[in-house]
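Take a look at the structure below.
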Amino acid sequence: MLTFYNEHHAQHDGRGHFALDRGELAPCSEKPERVAIVLKECERRGLGAIVTPHGVPLMTLERVHSPRYLHFLRNAWSEWVGLDPRHAGKDALPRVWPVRTLRSDIEPDDFGARLGLYSMDAGTPLTGGTWIAAKTGADCAVNAAHALQRGERGTFALTRPPGHHAGSDFFGGACFLNNAALAAQHLLDDGLERVAILDLDYHHGNGTQGIFYHRNDVLFVSIHADPRVAYPFYLGHADETGSGAGLGYNTNIPLAPGCGSGAWFAALETACLKIAMARPQALVVSLGVDTAAQGQDPRFGLQGGDFLRIGERIAHLGLPTAFVFEGGKAGPELGIHTVNVLEGFETAAE
C-alpha cells in the first residue's frame, strides 16, 4: 500500500482551536493527533512506502471547487489578522449565514459575513495554517489517484483536515477541500470514464454528494447515520438518488445509530453490489472509522476484526482503489481500525 502523507497537516491547529457546541466553546475533536496515531500504526505494521505528495496546480482544485471559494480560503487568514493583529491568537468562526431567501451571489465586504457565506457551521474554525494543511491534503488525494493510473492496486491519502463535508464552495464539518471528490475528478481527467466513491464515515458525505449529484460519470454510495439525528442533518436521506443526468448515480443508505454490525455489513453488501453493477474503472473510498463505538456512543458497534472484513470486501470488487482518510476519534483504536481496513484490502487483493 503506497501512502501519501500530509506532513503539513498539523499547521491546521490554531491557538484557540475552539468550536461552538451547544452554546459553549468546546475543544475541537478534529486534532493533529489523529494522523499521528494512524501514521505510527502504518509504520509499526510495515504497511508500505510512505511518501510526500507532489504539489498540484490550483487549476486541479478548480475542477471541483469554485475559484471564488478558493480565493477566499487562500487569503482568509491574512485578511482576518489584517483586521486586528490580536486576531493572530484566535481562530476565525462565522457569525451569520445566508439561509433561504438571502442572496449568495454577491460577496459582502464584511469579513465575518463572507466567512459565513463560505461555511455551513460554527464548528469548523479557520486557523493560520488551514490553507497549507488543506492544500497539501488535496495534493495527497490527487497523488493517490494518479498512482492508480501508474499501476498501483491500492493507495492511501493520510491527511487532515478531512474533506467529505466540504462542498464546491463551502467548508464545514472540519472539512475545507473535498479530497475524495478531487481524487475521483483526477481519475476522470486522467482518462477514465466511470469512477465510484464509497463513503464509509459515520456521517454522510454531503459535500461529495452535492459535487456529483447532477453527473453520471461518478457514482456516489454512502453508508451513514440517519441525518435526522446525526450531522450533517440536512442531507443524506435515501430518497436522494441524483438529478438530471445524475439520476440513479447517488445512493444513500442511512442507518439508525446503534443498529449493530449485522445491519451495517448488510448495507455494505448492498453498496458493493451497487458499485459492481455500475462497472466503474476505479474506486475512491472515504475512509472514516468512526463507525466503532466511542465511549457511551454505540455508533454502529463495529470492532477491530470488522475493519479487516471491510477491507477484504472492498478488495473483492477488483478495482484500483484510493483510500482517503476522513473521520475517527483520536485514540489507539483509530490507528488499528484504519490500518485494519488497508491490511484487509492488501491481503485479499494479493
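The values are calculated or read from the model by the stated rules, or taken from the named source; none is laboratory data. Quantities reported herein were computed from a predicted structural model and do not represent experimental measurements. Note: ideal-geometry Cβ built from the backbone for every residue, glycine included; neighbour counts use all protein chains shown. Just the protein is used for accessible areas: all its heavy atoms, side chains included, with ligands, DNA and RNA removed. Shrake-Rupley method; radii C 1.70, N 1.55, O 1.52, S 1.80 Å.
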Report yes if some residue within the range 35-54 is closer than 24 Å to residue 207 by Cβ, open to solvent by 20 Å² or more (accessible area, probe 1.4 Å), part of a loop (DSSP other than H, G, I, E, B) and not small (Gly, Ala, Ser); otherwise report no.
yes
Within the range 188-197, residues of a type outside the set (Lys, Arg) and closer than 16 Å to residue 242 by Cβ come out as 195, 196, 197
Quick check on this structure: which one of 157, 144, 166 is under 23 Å from residue 59 (Cβ atoms) and assigned to a helix (DSSP H, G or I)?
144
List every residue pair whose Cβ atoms sit under 6 Å apart, with the two residues 6 or more apart in sequence or on different chains, where the first one lies in the range 248-259 and is modelled with pLDDT under 95 and the second, anywhere, is of a type outside the set (Gly, Ala, Ser) and open to solvent by 30 Å² or more (accessible area, probe 1.4 Å).
258/298
Could you please find all residues in the range 1-29 being open to solvent by less than 90 Å² (accessible area, probe 1.4 Å), modelled with pLDDT of 95 or more and acidic (Asp, Glu)?
none
In the range 204-229, anything assigned to a strand (DSSP E or B) and polar (S, T, N, Q) is listed as 222
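Could you say whether any residue in the range 217-231 is over 22 Å from residue 123 (Cα atoms), surrounded by fewer than 17 Cβ atoms within 10 Å (Cβ to Cβ) and in contact with an Asp or Glu (Cβ under 7 Å, 6 or more places away or on another chain)? Show your work before the answer.
Our first condition is that a residue be over 22 Å from residue 123 (Cα atoms); within the range 217-231, this holds for 217-223.
Narrowing the set further to residues that are surrounded by fewer than 17 Cβ atoms within 10 Å (Cβ to Cβ) leaves none.
No, because not a single residue in the range 217-231 is over 22 Å from residue 123 (Cα atoms), surrounded by fewer than 17 Cβ atoms within 10 Å (Cβ to Cβ) and in contact with an Asp or Glu (Cβ under 7 Å, 6 or more places away or on another chain).
Any idea which residue in the range 148-172 is most open to solvent (accessible area, probe 1.4 Å), counting only those that are small (Gly, Ala, Ser) and farther than 10 Å from residue 321 by Cα? Break it down into steps so the answer makes sense when it comes.
The first filter runs over the range 148-172 and keeps only residues small (Gly, Ala, Ser), leaving 151, 154, 157, 163, 166-168, 172.
Checking which are farther than 10 Å from residue 321 by Cα leaves us with 151, 157, 163, 166-168, 172.
Working: 151: 65, 157: 0, 163: 0, 166: 0, 167: 2, 168: 47, 172: 0 Å².
If we take residues in the range 148-172 being small (Gly, Ala, Ser) and farther than 10 Å from residue 321 by Cα, then 151 is most open to solvent (accessible area, probe 1.4 Å).
May I ask you to verify whether residue 211 is modelled with pLDDT of 95 or more and closer than 20 Å to residue 65 by Cβ?
Working: modelled with pLDDT of 95 or more: yes; closer than 20 Å to residue 65 by Cβ: yes.
Answer is yes for this residue.
Just name the residue that is nearest to residue 174 (Cα to Cα) out of those in the range 113-127 that are modelled with pLDDT under 95 and surrounded by fewer than 21 Cβ atoms within 10 Å (Cβ to Cβ). Give the steps one after another, and end with the answer.
Keep residues of the range 113-127 that are modelled with pLDDT under 95, which gives 121-127.
Retained after the next criterion (residues that are surrounded by fewer than 21 Cβ atoms within 10 Å (Cβ to Cβ)): 121-123.
Details: 121: 9, 122: 10, 123: 7 Å.
Step by step, filter the range 113-127, then rank; the result is 123.
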The range 277-292, subset open to solvent by 60 Å² or more (accessible area, probe 1.4 Å) and either among the small types (Gly, Ala, Ser) or in a loop (DSSP other than H, G, I, E, B) (or both), residue nearest to residue 30 (Cα to Cα):
281
Restricting to the range 89-124, give me the number of residues that are under 21 Å from residue 30 (Cβ atoms) and either assigned to a loop (DSSP other than H, G, I, E, B) or in contact with a helix residue (DSSP H, G or I) (Cβ under 8 Å, 6 or more places away or on another chain) (or both).
14
For the range 301-333, how many residues are crowded, with 18+ Cβ neighbours inside 10 Å, modelled with pLDDT under 95 and part of a helix (DSSP H, G or I)?
1
Is there any pair with a first residue in the range 332-349 that is in contact (Cβ under 8 Å) with a residue 60 or more places away in the chain and a second that is among the aromatic types (Phe, Trp, Tyr) and open to solvent by 10 Å² or more (accessible area, probe 1.4 Å) whose Cβ atoms are under 6 Å apart and which are 6 or more apart or on different chains, and what are they?
none
